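Note sheet for the following structure.
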Amino acid sequence: MSDSLVPNGLAAVLHDEDEKVQFINVTAGAFFHTLYSAYHLVSDKRFEPTLPRPGEHLEAHAKPLFGIALNIPVSPERRALAGRFAVAALRVTFFHELAHILRAHAVYLRCETGAGIGAITEVSSCDFAISQVIDLRRRALETDADDFSGRFMAKEFFRGFHENELSLDNPRFRAKAFEVVVGVVLMYSWFAESEGYHSGSLRAYLVLGSMFVELGLDVKTSVRWVNDRVSGLQALMIERGLLPRGVGFISDVKLNDLNQDTFAYRESHMREWLQLRPWGSNGDR
C-alpha cells in the first residue's frame, strides 16, 4: 500500500528482467476516501435508523480527499459499520488488481504497449469530463478484471455461508451482501468515464452482477435488489455532496457500448492475454 491519497490501485510487471515478477499497489487514499465517505453517509439519520444516535455527528475536514465538510458519527456502532464498508471497498480494489495479474493483463499490456499497468482508474475524482476517444482494448481488459473481481468477491466475502444460506431471504446473507454493495458503490461510483474505462456506476453494476451470478442467485431477483440499493446510495451521496448530480444515470447508449462493443472485443481477443499467464493456458477461461 502506497501513501498516495489519490484513490487508486494498479497491477504491473516489477522489472524488465523477469515479467513473472509482478506486484499490486493499492493507495492509502483508496481506504481513507471510502472510510470518510462512509462516515459521512452513516451519520445521516436516515441511514440504518435502528442504530444508536442517528444523525448525531461531529464535523471534520479531509481536504486532500474532499472539498466539503464531512460528518463523523458519534455512535461507535455507526463508525464500526463505516469501517466495514471501507474494508470491503479496499478488498474490492485488491480483487480487481489481482484479476489483472491472474488474467495476465499486466504482461499483455507490457508486450503490446510497453506499459504493464492495469489501474482501477486514471481519472481524478474531481474530473468528470468524458473523453471522446475510446480505447476498446483497455476497456475490454478492465471489464475482464471487473468480471473476475466479482467472482473473487463471491468466493471470499461469502466463504462462511453454506450453499443453502446463499439467499436474499436470509437476513445474515442480506446484511453481508449490503456491506459489499456499499463498499462497491463507495469505491466505484465517482470514477468518470474515460478513454479506457466505462463509468464507475456502470462498472459497479458489472462487478456486483458477476458476484451474484457466481453465487448462483436468481438473476432477476438479485438485479432488482442491487438496483434499488445502488440507486438509493448514489442518491444519498449526491444529496450529501459526495457525488455530482447525474453520476448514477446510465444511458442505453452506454449499456450498448458495454454489451456490444466491449464484451465482443473481450470475447474475440481473450486468448491473446490468457496465453501469457505464467502457468500457461489453452485459451479457456
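Observations on the structure shown:
- Highest average packing first - 17-27, 228-238, Cβ atoms within 10 Å: 228-238, 17-27
- Membrane-span-like helices in the chain, defined here as complete DSSP H runs extending at least 24 Å along the helix axis by their C-alpha atoms with mean Kyte-Doolittle hydropathy no lower than -0.5, are 76-102, 171-188, 219-239; this is a sequence and geometry rule, not a statement about a membrane.
- Highest-first arrangement of 172-178, 36-42, where packing means the average Cβ count within 10 Å: 36-42, 172-178
- Extension gain (nm, one decimal) between F161 and R229, 0.36 nm per residue minus Cα-Cα: 22.3 nm
- Peptide ranges 182-193, 216-227 listed from the most packed, as the mean C-beta count within 10 angstrom indicates: 182-193, 216-227
- All C-alpha pair distances within the chain, sorted into 10 Å bins from zero, spread as 6, 28, 35, 22, 7, 1 percent across the bins.
- Cβ-derived FRET efficiency at R0 25 Å, F23 paired with C111, nearest 0.05: 0.90
- Rounded percent of accessible protein surface that carbon and sulfur make up, the stretch 9-275, 1.4 Å probe: 53
- Gain on full stretching of the segment that runs from S4 to S268 - 0.36 nm per residue minus C-alpha separation: 91.4 nm
The values are calculated or read from the model by the stated rules, or taken from the named source; none is laboratory data. Since we're looking at a predicted model, the values are computed, not measured. Methodologically, a virtual Cβ is constructed for each residue, glycine included, from the backbone with ideal geometry; neighbour enumeration extends over all protein chains shown. Quick note on the areas: whole protein, heavy atoms, side chains included, nothing else; ligands and nucleic acids left out. Shrake-Rupley method; radii C 1.70, N 1.55, O 1.52, S 1.80 Å.
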